[in-house]
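Presented below is the structure to which this report refers.
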Amino acid sequence: APLARATRRPGADAELGGFGGVFDPRAAGFVDPLLVAANDGVGTKLKLAIDWDRHEGVGVDLVAMCVNDLIVQGAEPLFFLDYFACGRLDPAIAERVVASIAEGCKQAGCALIGGETAEMPGMYADGDYDLAGFAVGAVERAALLTGAAIAPGDVLLGLASSGVHSNGFSLVRRLAADKGWRLDRPAPFDADRLLIDWLMAPTRIYVAALLPLLRAARIKGLAHVTGGGLLENVPRVLPAGCLAAIDADRWDQPRLMAWLQAQGAIEPAEFARTFNAGIGMVAVVAADEADAVAAALTDAGETAVAIGQVEPGERGCIVRGSRGTWSAREGWRASHVG
């Protein structure tokens, strides 16, 4: 309850104990809002958190995976609920996880208004748990971000990721087992930081930096780069007749990403569909706004770089670079909601 209370915001009193949480959009300042909802989990990154006793960041991951999916539709995250399931409840671990969820909610500006804790003996191995999160946001009807205004000539701005985020960990764990990585030792590419710390870095939450630009109508479209990478997520925000052309040489691949690719001898096209390659969010802006928007994002604490442009063509994404060219024009998950 104290952790939830610390996330209080206009529209929610953040008091727990009832059968459901209540939120008042009018108190949050909305006049004619549309509600936008998203749910997600942390995936197999949880196995590393459990095996290495690293529970302090997974709640931020959980919130990030949901609220970053709200902001790409122009919605301000309003409230969040979590689902924590285990075989036998360890209160100390549960509190660390919920504290992390509360931290994610603070970063996103949304209230933690409730959730569910389920003890299910026999369903989970001793010490294991699973997480799911549910976020609801609101956007004024006229400000819903659909991508319909995107046109050839627009610029693609890439916002740096904080690491692997929460996708690709089945492959990460497989590589760790096959290669015998010592996660408790300094990373091979960074003598000052443990490998486990690099892998467990929480997913970046982009809400605070993007909301002012959305309210000022300076962004035409946003793509949250999750499973499927740049190739499959950027096309989801494009209208027909628009192709996202990305130049992979415009940003330096993070050391962790380069190391993962080398360790697994992963083909570039497969790598681009498995990991975020250092870009966690893509903003589509008018060409004459690109420099100013990038500067505003930098002032807000993000690392933003122009990574490409929108070209006329079949809806999809093509990534070119010194390491080759790969694209997704057919078969990308246009109807995928997760």
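Scan the range 105-141 for residues that are out of contact with any strand residue (DSSP E or B) (no Cβ under 8 Å at 6 or more places or on another chain) and touching a residue at least 40 places away in the same chain (Cβ under 8 Å) and the total you get is 3. Entry remark, the range 157-175: residues being polar (S, T, N, Q) and touching a strand residue (DSSP E or B) at 6+ places or on another chain (Cβ under 9 Å) number 3 in total.
Could you identify the single residue in 213, 194, 156, 171 that is of a type outside the set (S, T, N, Q) and surrounded by 22 or more Cβ atoms within 10 Å (Cβ to Cβ)?
156
Across the range 75-82, a minimum of one residue is classified as more than 26 Å from residue 144 (Cβ to Cβ) and either touching a strand residue (DSSP E or B) at 6+ places or on another chain (Cβ under 6 Å) or not hydroxyl-bearing (Ser, Thr, Tyr) (or both).
Residues checked against (1) modelled with pLDDT under 95; (2) out of contact with any Pro (no Cβ under 6 Å at 6 or more places or on another chain); (3) of a type in the set (Val, Ile, Thr); (4) over 21 Å from residue 151 (Cβ atoms):
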{"site": "227", "(1), (2), (3), (4)": "yes, yes, no, yes"}
{"site": "238", "(1), (2), (3), (4)": "no, yes, no, no"}
{"site": "252", "(1), (2), (3), (4)": "yes, yes, no, yes"}
{"site": "275", "(1), (2), (3), (4)": "yes, yes, no, yes"}
{"site": "288", "(1), (2), (3), (4)": "no, yes, no, no"}
{"site": "308", "(1), (2), (3), (4)": "no, yes, no, no"}
{"site": "327", "(1), (2), (3), (4)": "yes, yes, no, no"}
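For the range 240-268, filtering for residues that are open to solvent by 30 Å² or more (accessible area, probe 1.4 Å) and not in a helix (DSSP H, G or I) leaves 9.
Taking residues in the range 297-322 that are in contact (Cβ under 8 Å) with a residue 24 or more places away in the chain, and partners anywhere that are part of a strand (DSSP E or B) and acidic (Asp, Glu), the pairs with Cβ atoms closer than 7 Å and at least 6 places apart or on different chains are 307/247; 308/247; 320/247; 321/247.
The residues on offer are 64, 49, 27, and the sole one that is of a type in the set (Gly, Ala, Ser) and over 21 Å from residue 162 (Cα atoms) is 27. Note on the range 1-58: residues that are open to solvent by 80 Å² or more (accessible area, probe 1.4 Å) and in a helix (DSSP H, G or I) amount to 3. In the range 63-78, the condition of being crowded, with 24+ Cβ neighbours inside 10 Å, over 16 Å from the mean Cα position of the chain (by Cα) and at pLDDT 95 or above is met by at least one residue. Of all residues in the range 113-129, those being at pLDDT 95 or above, open to solvent by less than 70 Å² (accessible area, probe 1.4 Å) and not aromatic (Phe, Trp, Tyr) number 3. For the range 89-98, how many residues are assigned to a helix (DSSP H, G or I) and surrounded by fewer than 16 Cβ atoms within 10 Å (Cβ to Cβ)? Residues meeting the conditions: 4. Condition test on residue 64, is it more than 24 Å from residue 276 (Cβ to Cβ), touching a Ser or Thr at 6+ places or on another chain (Cβ under 9 Å) and assigned to a helix (DSSP H, G or I)? Answer is no for this residue.
Is it true that some residue in the range 170-183 is touching a residue at least 12 places away in the same chain (Cβ under 8 Å), closer than 30 Å to residue 289 by Cβ and of a type in the set (Ser, Thr, Tyr)? For the range 170-183, residues touching a residue at least 12 places away in the same chain (Cβ under 8 Å), closer than 30 Å to residue 289 by Cβ and of a type in the set (Ser, Thr, Tyr): absent. Filtered by the rule that a residue be among the aliphatic types (A, V, I, L, M), touching a Lys or Arg at 6+ places or on another chain (Cβ under 8 Å) and not in a helix (DSSP H, G or I), the range 224-239 gives a lone residue, 238.
Summed over the range 141-171, residues that are under 14 Å from residue 235 (Cα atoms), part of a loop (DSSP other than H, G, I, E, B) and either under 22 Å from the mean Cα position of the chain (by Cα) or β-branched (Val, Ile, Thr) (or both) total 3.
The values are calculated or read from the model by the stated rules, or taken from the named source; none is laboratory data. All values derive from a computational prediction rather than experimental measurement. So basically every Cβ, Gly included, is an ideal-geometry build from the backbone, and we count neighbours across all protein chains shown. The area values use the complete protein model at the heavy-atom level, side chains included, leaving out ligands, DNA and RNA. Shrake-Rupley method; radii C 1.70, N 1.55, O 1.52, S 1.80 Å.
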